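Enquirer: Have a look at the structure that comes next, please.
The values are calculated or read from the model by the stated rules, or taken from the named source; none is laboratory data. Because the structure is predicted, anything quoted here is derived from the model rather than measured. Here the Cβ positions follow ideal geometry from the backbone for every residue, glycine too, while neighbour counts run over all protein chains shown. When the accessible area is computed, the model is the full protein with side chains, heavy atoms only, and any ligands, DNA or RNA have been set aside. Shrake-Rupley method; radii C 1.70, N 1.55, O 1.52, S 1.80 Å.
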Amino acid sequence: MLTLPKAMVSRDIVIASSRTLPSFPSVVNRILSTLDDVDAHFDVLVQAVNRDPVISARVVSLANTAALRGMRAAAVVDIASAISLIGITRLRHITLISSLNTFFNGVARQGLPSFYWQHSMAAGICCEELELYADAPASLSEALLAGLLHDIGQLWLHCVYPDQTQHCQIQARQGAVDIEQLEQESFGVHHGTIGAWLAEHWSLPAAVVAAIEGHHNPEKQVNNPLTALVHVAEVISNALDLVGSGGNKVTFLSSAACQLLGLTWTDDVRALFGRIEARASHANAFFADAP
Amino acid sequence: MKTRQQYLPIELARAGMLLCEPVQVVEHGLVSMTLPASHVLTQESLNQLVAHHAEFIEVAVPDERSDEQIAVDAALSARRVMEIFSAADLTDPNMAAFFDLVLCYRSK
């Protein structure tokens, strides 16, 4: 079996390397910090749209889809009309996902597999839908963000130690050993811890940091519903095969996390699965297309 | 004609489609619009859904597959679910219930 040199990854190494990455999009923190103030929140979103041509184009593109245009004789060409048509919830959704998509693309110049971003987006959408379904005490934006960033530590590993990281992933797919354990053996830490260090460095909310760290082992964080949410969301995303990498596996589903979210696996969940699948499929097409 | 239930983003909904489940649009914590199951979408009701920022609806769409093809598709889906859960501990009641539900969802 191929043996690659081990690397001992520390918090200092992760933070030092993060300075070579593109800047984490500041609009994410601004959105989270203004959630309780509707007017300020709306201003932040409109500013983000006005400053970012990719977000602007996506907002106008969505407003001009067939059903939305059914309300109007002419195409929507201005941002204000487009925003009023699509609503603030979807505007926030587009802004968060587009900002992080740009960031991920900037980080992953070395040709990261596209399913990495698609998996992150699917998990984010699962988190949002699960938050609505389970009525978990977490904000929708934090749920989406935690889902989008839950594997950010793997992105860092891919960039800094591409060969060893790929080796761990191949072994995890072939064998019965968890990726966390393989990473722990190769790097001294797993991607959850690395992701949490990065999230903390970017001043993200403590609950999001904790969810990124504990998403493979939520039983250590029984008081953080966001951790339970991300864990179950990732399991659902894999179980439904939302991203067609062919390597999706379900190995562990925490009963404590399900209990914390009040989840029971009855036929009612079918509607949740349907919504998640439809939204993930639509989001993949929408965010993959150049606007 | 046979139909199958499907969730659609509102942008892909069309007049004439049949709602499979009631639509309840909630904005700022308040119910702003409802439509019953079995409602046939009209351009007017679609416009209202869009105006209230509904995102997804469940509709019945025609299923033109033969019974044989439906059975083949269900078997392929079941095989894929079993691959995905091949390393899962199905003696755990929580995992077993989740597996059953995914298998049932994929077999339809």
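Enquirer: Is there any pair with a first residue in the stretch A:100-119 that is under 21 Å from A:Ser281 (Cβ atoms) and modelled with pLDDT of 75 or more and a second that is part of a loop (DSSP other than H, G, I, E, B) and β-branched (Val, Ile, Thr) whose Cβ atoms are under 6 Å apart and which are 6 or more apart or on different chains, and what are they?
Expert: Here the result reads A:Phe115/A:Val243; A:Gln118/A:Val243; A:His119/A:Val243, each pair linking the stretch A:100-119 to a residue that is part of a loop (DSSP other than H, G, I, E, B) and β-branched (Val, Ile, Thr).
Enquirer: Name every residue in the stretch B:21-58 that is within 20 Å of A:Asp268 (Cα to Cα) and among the small types (Gly, Ala, Ser), in order of residue number.
Expert: B:Ala37, B:Ser38
Enquirer: Would you mind finding the one in A:Ser203, A:Ser281 that is open to solvent by 30 Å² or more (accessible area, probe 1.4 Å), more than 25 Å from A:Ile170 (Cβ to Cβ) and in a helix (DSSP H, G or I)?
Expert: The unique qualifying residue is A:Ser281.
Yes or no, residue by residue, for (1) farther than 18 Å from B:Leu76 by Cβ; (2) part of a loop (DSSP other than H, G, I, E, B); (3) open to solvent by 20 Å² or more (accessible area, probe 1.4 Å):
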residue	(1), (2), (3)
A:His216	yes, yes, yes
A:Val222	yes, yes, yes
A:Leu226	yes, no, no
A:Leu229	yes, no, no
A:Val232	yes, no, no
A:Ser237	yes, no, no
A:Leu242	no, yes, yes
A:Leu253	yes, yes, no
A:Ala256	yes, no, yes
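Enquirer: Restricting attention to the stretch B:47-67, does a residue exist that is touching a helix residue (DSSP H, G or I) at 6+ places or on another chain (Cβ under 7 Å), of a type in the set (D, E, K, R) and within 24 Å of A:Ser139 (Cβ to Cβ)?
Expert: Within the stretch B:47-67, one or more residues are touching a helix residue (DSSP H, G or I) at 6+ places or on another chain (Cβ under 7 Å), of a type in the set (D, E, K, R) and within 24 Å of A:Ser139 (Cβ to Cβ).
Enquirer: In the list B:Leu41, B:Leu76, which residue meets the criterion of being modelled with pLDDT of 90 or more and assigned by TED's automatic domain parsing to the domain that holds B:Leu101?
Expert: B:Leu76
Enquirer: Given the residues B:Val59, B:Val50, which is the only one that is under 30 Å from B:Val23 (Cβ atoms), under 19 Å from the mean Cα position of the chain (by Cα) and either at the interface with another protein chain (Cβ under 7 Å from one of its Cβ atoms) or not acidic (Asp, Glu) (or both)?
Expert: Going through B:Val59, B:Val50 in turn, the sole match is B:Val59.
Enquirer: Looking only at the stretch B:62-81, count every residue that is within 11 Å of another protein chain (Cβ to nearest Cβ) and of a type in the set (A, V, I, L, M, F, W, C) and tell me the total.
Expert: 1
Enquirer: Within the set of pairs 6 or more residues apart or between chains, which connect a residue that is closer than 13 Å to A:Ala278 by Cβ inside the stretch B:53-64 to a residue that is of a type in the set (Ser, Thr, Tyr) and assigned to a strand (DSSP E or B) with Cβ atoms less than 7 Å apart?
Expert: Hits for this filter: B:Phe56/B:Tyr7; B:Glu58/B:Tyr7; B:Val61/B:Thr3.
Enquirer: Within the stretch B:90-103, can you find the residues that are part of a helix (DSSP H, G or I) and exposed (fewer than 15 other Cβ atoms within 10 Å of the Cβ)?
Expert: B:Pro93, B:Asp100 - these are the residues of the stretch B:90-103 that are part of a helix (DSSP H, G or I) and exposed (fewer than 15 other Cβ atoms within 10 Å of the Cβ).
Enquirer: Now, a different point. Residue by residue through the stretch A:46-66, note down the ones that are modelled with pLDDT of 80 or more, within 14 Å of another protein chain (Cβ to nearest Cβ) and part of a helix (DSSP H, G or I).
Expert: Scanning the stretch A:46-66 gives A:Arg58, A:Val59, A:Val60, A:Ser61, A:Leu62, A:Ala63.
Enquirer: Inspect all residues belonging to the stretch A:67-80 and state whether any of them is more than 11 Å from every other protein chain (Cβ to nearest Cβ), at pLDDT 85 or above, part of a helix (DSSP H, G or I) and surrounded by 14 or more Cβ atoms within 10 Å (Cβ to Cβ).
Expert: no
Enquirer: So if I check each of B:Glu64, B:Glu21, B:Glu58, which one is assigned to a loop (DSSP other than H, G, I, E, B), in contact with an Asp or Glu (Cβ under 6 Å, 6 or more places away or on another chain) and farther than 22 Å from A:Glu234 by Cα?
Expert: Only one candidate passes the filter, namely B:Glu21.
Enquirer: Go through the stretch B:82-107 and give me each residue that's over 20 Å from the mean Cα position of the chain (by Cα), of a type outside the set (A, V, I, L, M, F, W, C) and more than 7 Å from every other protein chain (Cβ to nearest Cβ).
Expert: B:Glu83, B:Ser86, B:Asp89, B:Thr91, B:Asp92, B:Pro93
Enquirer: What are the residues in the stretch B:7-33 that are among the acidic types (Asp, Glu) and surrounded by fewer than 16 Cβ atoms within 10 Å (Cβ to Cβ), if any?
Expert: B:Glu27
Enquirer: Quick one: how many residues across the stretch A:6-45 are assigned to a helix (DSSP H, G or I) and more than 22 Å from A:Ile97 (Cβ to Cβ)?
Expert: Counting residues in the stretch A:6-45 that are assigned to a helix (DSSP H, G or I) and more than 22 Å from A:Ile97 (Cβ to Cβ) gives 8.
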